[in-house]
Each structure stands twice: as C-alpha cells, then as structure tokens.
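> This is the structure I have questions about; it appears just below.
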C-alpha cells in the first residue's frame, strides 16, 4: 500500500529545501505576498478569509528559522514500492502514482529554481505524443506553486494553483478598478454577485486555456531544440533569462494558445490572456496590445487573426537567437537583449 501522507511529507520537505534556497531572492513586496498566500494554504484558510496578522507574522519568522536549518540539505529521494527514486524522475514516479490517483511534478523554473508538487490526480489525457496531467487538491507545494509546467512531453496543470492566481488577479483589480479586460471578466463571470461561484466557473474555463499554453510550450520546445534549454540555464539569474522566457511564452501562445482560442472565438479566455499580459511579456509585444484594442473597438476577430502569422515568425526567430551559434562571442546575452529592445511591433 502507498502511504500518501508519508510521501507528501517527503515532497513537502523537498519543497521547503527549495524555498530555503530561493524564496528570499524575491523583492520584499513579492516575497510577503507569496508568504501570505502560502500561509493561507498551509493553515487551511479559504481564499476570501481574512488572515490573522500577528499569527501570520510569527509563522513567517518561524519559517525563515526553519529554512536556515535546512538550506544546505540535499533533496530527499522518494521511497515507492520499496525503492528510492530520484526526486526529479517525475516520469517514473508518475507511472507508480497514477493508479493511486496521485500526480507528482518536479522541474526547474525561473532562475533554475527547483519546483516540486504532489496532488490529487483529477484526470490524465494523452494529447498525441504528450501526456497532460490535471491536478486537483494539492498535498505538497512550494512557495511559488506555478499553475502549469511542461517537461519532457509531460504537461502539468494545477487547478488549485490556477484558482488562487485568478482570485488574486480579481482582488488586485478590485483594489484599483479600471476599464479593460479584467473589468470585462469581473462582469462576465458575476464576481460582484457571487464571487466564489464566479471563481469556480472562471477556473474551470481557464484550465483549458492553461492546458493549451503548456501544449504550446512543448511545441515551442520541439522547434527550438534541446540546445535552447541548455542556453537558458547558462543565462540563469540574469535579466536575459527573463527575456528568453518571455519570448518562448509568446512563441508558445502564437503556435497553439491564441489560434485555438480564436478558432472557437473564446472571448472570455482572450480577455484573460490580455489581462495577464504584463511585465516584460507586455513590454516586448506591443503589437498584441494594439490588436487587442482593435478587437474590442471593432468587435471582430480580424485584427487578432492577422497578428498571428508574423508574430509567430518573429518569436521563433527571437527565441531561437538565444541559442549561441558556432563562433559566437561571450556578449551573446547582451546582443539578444538589444534584439529584443526592437520589440514585436509588426
């Protein structure tokens, strides 16, 4: 018999070690926001529930002391069926866990930060040569808890993490309401009337769009080749890595996500896509924002459809430029940043 609680404790320990090494690299504002939501999850509070400030403050202090004690420890192996498994062998581990209704993921995220996760397997689907795992309740997670991840033909989409991301986006908009895609979404789903029911509807709908993005990540990986991942690791913890990830995100969405949403004229997911187009991703793709505004003003999908062919070619070229060619100098990363400074204006 598989002991889910013991397995969850081991995975959570690895999550805690990863957090000990990387969590305090965030800006203070981002760090406190993530710790606030991590406290909510660890203590079992609901998303709308107010949090006790004093208790949370003490908890954060205790977490930081615990991190100091475990930061140098190695990641623990996962013991399954009497054998130890490398914690990054999520392919082999999931072959064992799937019949038990569990799903596990492990991989490297931004700045080469390890991410681990254990949850209830909601469903497993084959999408051609890809395997899509959809997770429900989360039993072990790290501070960041990315709602989607693609790795070696395996795609992981996490309902609970996506639900939290969507709620925070709505709450942020409510603090400073303004016209735009989030205003449309809040009205469309009825957040002002029944926020929790609206959140469930939005989560169910956006789960599919997130799956499309992860499929796009896998297809972008096929186009760029394994050397792209090696180049990304060499750029780790630099501003160039953020640009590289943004370029690949745009390539993934121009390959799969946006064509699929436009084919079925999915207005809700298109509005959320542009509401979520922020930071560097928004900065380097002004053509997308222009096309979105035309779509809103004109009502038809022509502007968005016309955007895709040139944008796909642009992002494939830019993302591919992060892979050093033979004889390229050590100024590669700076050269790529200058390329991206031109932006995708089309």
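> Run the simple label-point estimate for residue 3 and residue 29 please: 7 Å along Cα→C-beta, distance reported in nm.
It is 4.5 nm.
> To continue, here is another question. Mind pulling the per residue volume of the convex hull built on the Cα atoms of the chain? Å³ is fine. Walk me through the numbers on the way to the answer.
On the way: hull volume 53.5 nm³, N = 346.
It comes to 155 Å³ per residue, whole-number rounded.
> Counting other beta carbons within 10 Å of each residue's own, what order do 66, 214 fall into, fewest first?
Details: 66 13, 214 25.
So the ranking, lowest neighbour count to highest, is 66, 214.
> Further question on the same structure: Take residue 69 and residue 262, extend 7 Å from each Cα along the Cα→Cβ direction, and tell me the distance between the two endpoints in nm.
Between residue 69 and residue 262, the simple spin-label model gives 5.5 nm.
> Let me ask something else. What is segment 177-341's relative contact order, in percent, from Cα pairs under 8 angstrom and six or more apart in sequence? Intermediate results must be reported in sequence, preceding the final value.
Working: 143 pairs, mean separation 46.7, N = 165.
With pairs under 8 Å counted, the relative contact order is 28 percent.
> Of the DSSP beta bridges with both residues in the chain, give the percent that are antiparallel, rounding to the nearest 5. List each step's numbers first, then the result.
Details: 23 of 28 bridges.
Of all bridge pairs located within the chain, approximately 80 percent are antiparallel.
> While we're here: How large, in Å, is segment 239-311 by the Kirkwood hydrodynamic radius built from its alpha-carbon pairs? Please list the in-between numbers first.
Values: mean 1/r = 0.0799 Å⁻¹.
Roughly 12.5 Å, rounded to one decimal.
> If every alpha-carbon in segment 177-341 counts as one equal scatterer, what log10 I(q)/I(0) does Debye give at q = 0.10, 0.17 1/Å?
Result of the Debye calculation: -0.42, -1.04.
> Now a separate question. How big is D, in µm² s⁻¹, for segment 4-158 by Stokes-Einstein at 4 °C and 1.567 mPa s if Rh is the Kirkwood radius over C-alpha pairs? Walk me through the numbers on the way to the answer.
On the way: Rh = 16.4 Å.
Rounded, D is 79 µm²/s.
> I would also like to ask the following. Report the equivalent ellipsoid semi-axes for segment 232-281 in whole Å, largest first, defined as the square roots of five times the eigenvalues of the gyration tensor built from alpha carbon atoms. Provide the component values of the computation, followed by the final result.
Details: eigenvalues 141, 28, 5 Å².
Listed largest to smallest, the semi-axes of segment 232-281 are 27, 12, 5 Å.
> Over segment 4-158, what is the relative contact order in percent, taking alpha-carbon pairs closer than 8 angstrom and at least six residues apart?
Details: 214 pairs, mean separation 37.3, N = 155.
RCO, segment 4-158: 24 percent.
> At 0.36 nm per residue, and after removing the present C-alpha to C-alpha distance, how many nm does the segment from residue 86 to residue 98 gain when stretched out fully?
Working: separation 12, 0.36 × 12 = 4.32 nm, distance 1.73 nm.
Using 0.36 nm per residue and subtracting the Cα-Cα distance, I get 2.6 nm.
> If R₀ is 25 angstrom, what is the calculated FRET efficiency for the pair residue 110 and residue 77, using the beta carbon separation as r and rounding to 0.05?
Values: r = 25 Å, r/R0 = 1.01.
It comes out at approximately 0.50.
> Follow-up question, since we're still on this one. Helix-only estimate, please: 222 nm mean residue ellipticity of the chain, summing -39500 (n - 2.57) across DSSP H runs of length 4 or more and dividing by its residues, to the nearest 500. Kindly include the intermediate steps, with their values, before the conclusion.
Details: 15 runs with 202 residues, N = 346.
Mean residue ellipticity at 222 nm (helix-derived): -18500 deg cm²/dmol.
> For the chain, what's the relative contact order in percent, using C-alpha pairs closer than 8 Å and at least 6 residues apart? Don't skip to the end; give the middle numbers.
Working: 441 pairs, mean separation 44.5, N = 346.
Across the chain, relative contact order equals 13 percent.
> If I stretch the segment between residue 226 and residue 61 completely, what's the gain in nm (0.36 nm per residue apart, minus their alpha carbon distance), one decimal?
Details: separation 165, 0.36 × 165 = 59.40 nm, distance 4.10 nm.
Computed gain between residue 226 and residue 61 is 55.3 nm.
> Compute the distribution of all C-alpha to C-alpha distances in segment 131-234, in bins of 10 Å from 0, and list the percent of pairs in each, rounded to whole numbers.
Using 10 Å bins, I get a P(r) of 13, 37, 30, 17, 3 for segment 131-234.
> Give me 56, 1, 149 sorted ascending by neighbouring Cβ count inside 10 Å, so fewest comes first. Intermediate values should be presented prior to the final figure.
On the way: 56 18, 1 4, 149 21.
Listing 56, 1, 149 from fewest to most nearby Cβ atoms yields 1, 56, 149.
> Using label points projected 7 Å from each Cα along Cα→Cβ, tell me how many nm separate residue 302 and residue 42, to one decimal.
The modelled label-to-label distance comes out at 5.5 nm.
Readers should treat all values here as calculations from the given coordinates under stated rules, not as data from a laboratory. Just so you know, these numbers come straight off a predicted model, no measurement behind them. Every residue, glycine among them, receives a Cβ derived from its backbone with ideal geometry; neighbour counts consider all protein chains shown.
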